[in-house]
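> Before we start, here is the structure in question, set down as structure tokens.
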Amino acid sequence: MTAQRKVESPLVALKDPAELVRLSQQLEDESPQAILEWAATTLSPRVTFGTGFGLEGCILIDMIGRHHLGIDVFTLDTGLFFRETYQLWSDLEKRYGLEIRGVRSETSVAEQNEQYGENLWETQSNQCCEIRKVIPLQNELKSFSGWVSAIRRDQSPTRALAPVLSYDERFDLVKVNPLVKWTKEMVWSYARQNDVPFNPLHLQGYPSIGCLPCTSAVKPGEDDRAGRWRGSNKTECGIHAAPKKQKALPVLGRSVSDGGSI
Ligand code: SF4
């Protein structure tokens, strides 16, 4: 009787930290487009890209849409986006002929107001983010094995060592960061060269755009994210908080716990 060779799924191999580091380093010098193609080939059909419609997200949608990559796209629709963001959502779908699924909380904004009081974002912003973003994301990612994010290393110190690939224990999936090596200038250059639709608020002092009640314009010299939750200590919505038992993956000889962005 011939012994049958066990064929290991690429996803099983990707849960091996050493293998993931090796692959991540292999992809380090690849273009964002090539990294997306790798993700589409290796992780399809259970790979998704979550976008908040930042400029980086628009660029990844451009690459996914123009090259018809098999990567699902969704946004966490809190019900509190800027009018310009909803318009951009529609423009991107039309331009690239793809659906950007809206993932929503089971609690509408009206129900939230009723249950927790008006403007929860002013009194308990963490709870508001938990209801409108974190819980819907947790439910959504259960059906995926790969999660593409649009983070860049030069966005913040917590993202400075982000690898191209990491394993996220919270969601039990591989996180793919195709744009980690790009600078802000490279992002703008790509957007202009390829006529990628973007949020007009970026040209009106809003480098980082989230929910309308929690986003303000930044002043010259301020950090790009200074307009998010202005006047409070909050800097992230909790989506990318490091999990309690997340393994720090060595990247280029160092340890890193990466952030991310929708
Ligand atoms: Fe609520 Fe503000 Fe978080 Fe949006 S960013 S979910 S409005 S606290």
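The values are calculated or read from the model by the stated rules, or taken from the named source; none is laboratory data. For clarity, every value in this text was computed on a predicted model and none was experimentally measured. We place every Cβ from the backbone using ideal geometry, glycine too, and count neighbours over all the protein chains shown. Keep in mind that these areas ignore ligands, DNA and RNA; they rest on the heavy atoms of the full protein, side chains included. Shrake-Rupley method; radii C 1.70, N 1.55, O 1.52, S 1.80 Å.
> Of all residues in the stretch 223-234, how many are surrounded by 16 or more Cβ atoms within 10 Å (Cβ to Cβ), touching a residue at least 40 places away in the same chain (Cβ under 8 Å) and farther than 22 Å from residue 83 by Cβ? Spell out how you get there, then give the answer.
Kept after step one, since they are surrounded by 16 or more Cβ atoms within 10 Å (Cβ to Cβ), are these residues of the stretch 223-234: 225-229.
Checking which are touching a residue at least 40 places away in the same chain (Cβ under 8 Å) leaves us with 225, 229.
Now narrow it down to the ones that are farther than 22 Å from residue 83 by Cβ: none.
Qualifying residue count, the stretch 223-234: 0.
> If we scan the stretch 194-205, do we find a residue that is at pLDDT 90 or above and within 16 Å of the ligand (Cβ to nearest atom)? Outline the logic, then answer.
Kept after step one, since they are at pLDDT 90 or above, are these residues of the stretch 194-205: 194-205.
From what's left, within 16 Å of the ligand (Cβ to nearest atom): 199, 201.
The answer is yes; a qualifying residue exists.
> Identify the single condition in (1) among the basic types (Lys, Arg); (2) more than 30 Å from residue 21 (Cβ to Cβ); (3) touching a residue at least 24 places away in the same chain (Cβ under 8 Å) that residue 181 does not satisfy, given that it satisfies every other one.
Just one mismatch for residue 181, condition (2).
> Look through the stretch 209-222, keep the residues that are crowded, with 19+ Cβ neighbours inside 10 Å and in a loop (DSSP other than H, G, I, E, B), and return whichever of them is nearest to the ligand (Cβ to nearest atom).
Filtering the stretch 209-222 down to residues crowded, with 19+ Cβ neighbours inside 10 Å leaves 209-211, 214-215.
From what's left, in a loop (DSSP other than H, G, I, E, B): 209-211.
On the way: 209: 11, 210: 5, 211: 3 Å.
Filtering the stretch 209-222 for residues that are crowded, with 19+ Cβ neighbours inside 10 Å and in a loop (DSSP other than H, G, I, E, B), the one nearest to the ligand (Cβ to nearest atom) comes out as 211.
> Which one is farthest from the ligand (Cβ to nearest atom), of the residues in the stretch 105-126 that are under 21 Å from the mean Cα position of the chain (by Cα) and part of a helix (DSSP H, G or I)?
Applying the filter and picking the extreme gives 126.
> Exactly one condition in (1) away from the ligand (no atom under 16 Å from the Cβ); (2) of a type outside the set (Phe, Trp, Tyr); (3) open to solvent by less than 20 Å² (accessible area, probe 1.4 Å) is not met by residue 129; state its number.
Only one criterion in (1) away from the ligand (no atom under 16 Å from the Cβ); (2) of a type outside the set (Phe, Trp, Tyr); (3) open to solvent by less than 20 Å² (accessible area, probe 1.4 Å) is unmet by residue 129, namely (1).
> Sticking with this structure for a sec: Considering only residues that are in a strand (DSSP E or B) and more than 15 Å from residue 72 (Cβ to Cβ), look in the stretch 141-174 and name the one that is most open to solvent (accessible area, probe 1.4 Å).
Ranking the qualifying residues of the stretch 141-174, first place goes to 167.
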